[in-house]
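Below is one structure, written out as structure tokens; comments come after it.
Just so it is clear, none of the values below were taken in a lab; they were calculated from the coordinates. Remember, predicted model here, so these are calculated numbers, not experimental data. Cβ sites come from the backbone with ideal geometry, for glycine too, and all protein chains shown count toward neighbours.
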Amino acid sequence: MIPRLFFLKQDQQLLIESPTQRRVVNGPGIYFSKPLEWVSRRQGLQLGPSEYLRLRNSLSGECSIQVGPQLYFLAPWEEVVDYEKALVLQQEQYLRLLDSTTGSLRVLKGEQAVVPGPTECVVQGVQNAIHIDGEKAVLVRDLRNGNLVLISEPQVFVPESYQEVVEVRPLIQLEDHEAVVVRSQDGSYTIHTGQSEQRAFFLDPHCELLEFRWSSGIHKDARSLVLTRLDLRPKFMWYEFDVRTADNVELRLGVTFFWQIDTVQTMLASTDDAPGDICSHSRSLIIQAVSQVSLEQFLADFNALIRASVQTSAQTLAQGGRLDFFQTRGLTIHAVEVRSVSCKDVATQHILQEIIQETTHRINLLQKQESENEIKLRQLEGQLTLEKQRETLLQWQERHQQAEGRIAGLAEAEKVKTFFEHLKELSPELRLQIYQLLRKQDALAELSQGQAQLYFTPADVNLSIESKDFQLV
């Protein structure tokens, strides 16, 4: 190579290679190259306060770290592996570093800026510390012996280098009507209910909540209902299946069960599918009962028939001192009701619809007639009440008239008495004649005030009088 003159600034460097060696010259300065030297100019690496370099010596294979702030010039055989920022940890954060040469782990807690060593790598990134309180606990595995420990004391938890956080477990709180089953490491079961003292608890290590997988859907043909908390309150469930009557009519029957878990321990020991058992056993009883009656008999009182088929067997066994199918599984059936009835055959379904419509029409007519009869009855009752009131009115009017007549008679008698007392010097016959004459005078006065025509004739003359006066209306 032809010799050259190089001027170097403070942040510049020359990499000089000859047939036998490699070296660097850092600025500032002047360098005059020699023959057979290959010279290249490169910038120094500026590192900020939170930056670092991961370097590798290509000649020896050693790795190193350079931390800022500084202006760093690479050595002749150094090359940059990573140019990264330091990991800043806040007060409630931590970081795990794994040494790839020794396999050792170390945990660094905040507050600080972390620069990994030359052979260290970050495991799982920056993580937040776990706040353990009354509603949260941490399940930790000791990597030295594999033991699991549940830490529930209130604290801000940061695992040690030999600890691994398996999971954060929430506090299990049960309502008054809830129950859960805990399965331990040896396979035994512990039942917790909302009525017990331990209604709020953390799961111990190697324990888990038992998961129930029950039949669901309208036909109970798939175990897709998954739950861990059991509801001990009464609840309803729909079920639909096919039945056949004695006259060979195939029906699709929809029923509603009102049922309840009575004893969790008995249910746990006897069945793994409580709704499926209820529906399967009840379907058998209902099919047997419906097959013994005709369609007409079934439609006449289907609710009573279905209820009797399911609950009568239980009552019969109870009278004999034995438990029925449901009691042996810790279950109780409170009621069974028919939700829907339909025919599988289309033609039969049309006939059934006509029967239902006719029955409905007949019921409507009966209700209409009952309403009309009730209206007429109310009218008769009203008339009867009115007549009774009229009868009472007439009775009171009659009483008043009698009282008025009695008063008038007494007054008239008093006048006659007074009249005769004043004429007591006269003879009785003469007094009577005078009284009669006065009565005639009163009668004539009354007649004269009206529109009647009065004719006087001698007493010894036989005289007939005919009036020609008339008035056209």
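Structure notes:
- For the chain, the longest principal axis of the alpha carbon atoms and the long axis of helix 274-290 meet at an angle near 40°.
- Overall, the chain carries a charge dipole of about 1600 debye about its Cα centre when +1 sits on the Cβ of Lys and Arg and -1 on the Cβ of Asp and Glu, all other atoms neutral.
- Rounded if a/c under 1.5, otherwise prolate or oblate - region 214-344, Cα gyration tensor axes: oblate
- In degrees, nearest ten, helix 346-422 long axis to first principal axis of the chain (Cα): 40
- Rounded to the nearest 500, the helix-only mean residue ellipticity at 222 nm of the chain stands at -11000 deg cm²/dmol, with each DSSP H run of n ≥ 4 adding -39,500 (n - 2.57).
- Charge tally around ASN57: other residues with Cβ under 14 Å, Lys/Arg +1 each, Asp/Glu -1 each, net 0.
- Local charge for HIS206 was computed over the other residues whose Cβ lies under 11 Å away, with Lys and Arg +1 and Asp and Glu -1, and equals -2.
- Gyration tensor (alpha-carbon) shape descriptor, region 376-446, a/c threshold 1.5: prolate
- Taking packing as the residue-averaged number of other Cβ atoms within 10 angstrom, the listed peptides 280-292, 119-131 run from highest to lowest as 280-292, 119-131.
- Sorting the segments 271-278, 427-434 by their residues' average number of neighbouring beta-carbon atoms within 10 angstrom, most packed first, yields 271-278, 427-434.
- For region 376-446, with +1 on Lys and Arg beta carbons and -1 on Asp and Glu, the positive-most of TYR435, GLN395, ILE407 along the dipole: GLN395
- Inter-centroid distance (Cα atoms) of region 1-75 relative to region 189-243, Å: 72
- Contact order relative to length of the chain, as percent, for alpha carbon pairs under 8 angstrom and 6 or more apart: 6
- Cα centroid separation, region 114-147 to region 402-423 (Å): 129
- Taking Cα atoms only, the orientation of helix 302-319 departs from the longest principal axis of the chain by about 70 degrees.
- Options (i) 200, 70, 54; (ii) 186, 71, 42; (iii) 66, 48, 45 - which one matches Cα extents along the principal axes in Å as calculated here: (i)
- Other residues whose C-beta falls under 13 angstrom from the C-beta of ARG23 contribute a net charge of -1, scoring Lys and Arg +1 and Asp and Glu -1.
- A simple charge model with +1 on the Cβ of Lys and Arg, -1 on the Cβ of Asp and Glu and nothing else charged puts the dipole of region 376-446 at about 260 debye relative to its Cα centre.
- Checked against a 29 Å cut-off, the cross-linked pairs LYS220/LYS344; LYS417/LYS440; LYS136/LYS235; LYS85/LYS109; LYS344/LYS368 give Cα-Cα distances beyond that limit for LYS136/LYS235; LYS344/LYS368.
- Prolate/oblate/rounded call for region 7-132, Cα gyration tensor, a/c under 1.5 rounded: oblate
- Taking the charge dipole of region 214-344 about its Cα centre, with +1 at Lys and Arg Cβ atoms and -1 at Asp and Glu Cβ atoms, the residue from SER270, SER280, PHE298 reaching farthest to the positive side is SER270.
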